[in-house]
Amino acid sequence: MKSSHMNPSDTAKAFKELNANHLVVVHWGTFRLGDEPVHFPPIHMKEEMKKNGLLNQLVELNHGQTLFYDTYISKKV
């Protein structure tokens, strides 16, 4: 899926270049689109964010979980 998805390393790089506040990994585990097990993307992204000192900016969501971003932000401040 290289042509339509970024790997964790490129994602962390883009996150820093964009000076983003938070990263949410979405639509993982819904369809088997790659060669890796479907539960790997959020695990690998968490490892990459930790490696780059960005772990506190990763928003982790479980399947079916709803996030109200304004509430999430107010709890972080």
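Read the figures in this text as sums done on the coordinates, not as results from a lab. Predicted model only: the values in this text are computed from it and were never measured. Note that we place each Cβ from the backbone using ideal geometry, even for glycine, and neighbour counts take in every protein chain shown.
Listed values for the range 23-37 are Karplus-derived 3J(HN,Hα) couplings in whole Hz (6.51 cos²θ - 1.76 cosθ + 1.60, θ = phi - 60°), namely 10, 10, 7, 10, 6, 8, x, 7, 10, 7, 10, x, 8, 8, x, and x replaces Gly and Pro.
Scanning residues 5 or more positions from residue 58 or on other chains, those with amide H under 5 Å from its amide H are 23, with H placed 1.01 Å from N in the peptide plane. Note on the range 8-76: Lys pairs 8 or more places apart or on different chains, Cα atoms under 20 Å apart, count 9. Mean residue ellipticity, 222 nm, helices only, the chain: the sum of -39500 (n - 2.57) across DSSP H runs of n ≥ 4, divided by residue count and rounded to 500, is -11500 deg cm²/dmol. Measuring r between the beta carbons of residue 67 and residue 33 and using R0 = 30 Å, the FRET efficiency lands at 0.85.
Exposure proxy shown here: for 35, 10, the number of other Cβ atoms within 10 Å sets the order, fewest to most, as 35, 10.
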